[in-house]
Amino acid sequence: MSDAPFPESLCHRCTHLREVRSDKGSVFLMCREPSLPKYGPQPVRQCRGFTPGRPTP
């Protein structure tokens, strides 16, 4: 998603990312890794749950 927030965040390259868009058009980065907060502070530069697998935005 090209208009995603925090393009420098490690989340955008992680398999656990789910981008959630509100009815008003806001985009939130949700982590699906159960041991981490769902909506952690951004941008993420280091993460113990990072699993590469998504292309860079």
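The values are calculated or read from the model by the stated rules, or taken from the named source; none is laboratory data. No experiment lies behind these values; they were computed from the predicted model shown. So basically every Cβ, Gly included, is an ideal-geometry build from the backbone, and we count neighbours across all protein chains shown.
Observations, loosely collected:
- In the set (1) surrounded by 11 or more Cβ atoms within 10 Å (Cβ to Cβ); (2) modelled with pLDDT under 95; (3) part of a loop (DSSP other than H, G, I, E, B), the condition left unmet by T56 is number (1).
- Looking across segment 14-38 at every residue that is within 8 Å of the chain's Cα centre (by Cα) and touching a residue at least 24 places away in the same chain (Cβ under 8 Å), the one that is nearest to P52 (Cα to Cα) is identified as C14.
- Residue identified as modelled with pLDDT under 95, surrounded by fewer than 14 Cβ atoms within 10 Å (Cβ to Cβ) and of a type outside the set (S, T, N, Q) among E8, E19: E8
- Condition met for G25 (surrounded by 12 or more Cβ atoms within 10 Å (Cβ to Cβ) and either part of a loop (DSSP other than H, G, I, E, B) or at pLDDT 95 or above (or both)): no
- Here is the figure for segment 15-57: residues that are in contact with a Cys (Cβ under 8 Å, 6 or more places away or on another chain), small (G, A, S) and under 16 Å from P5 (Cα atoms) total 1.
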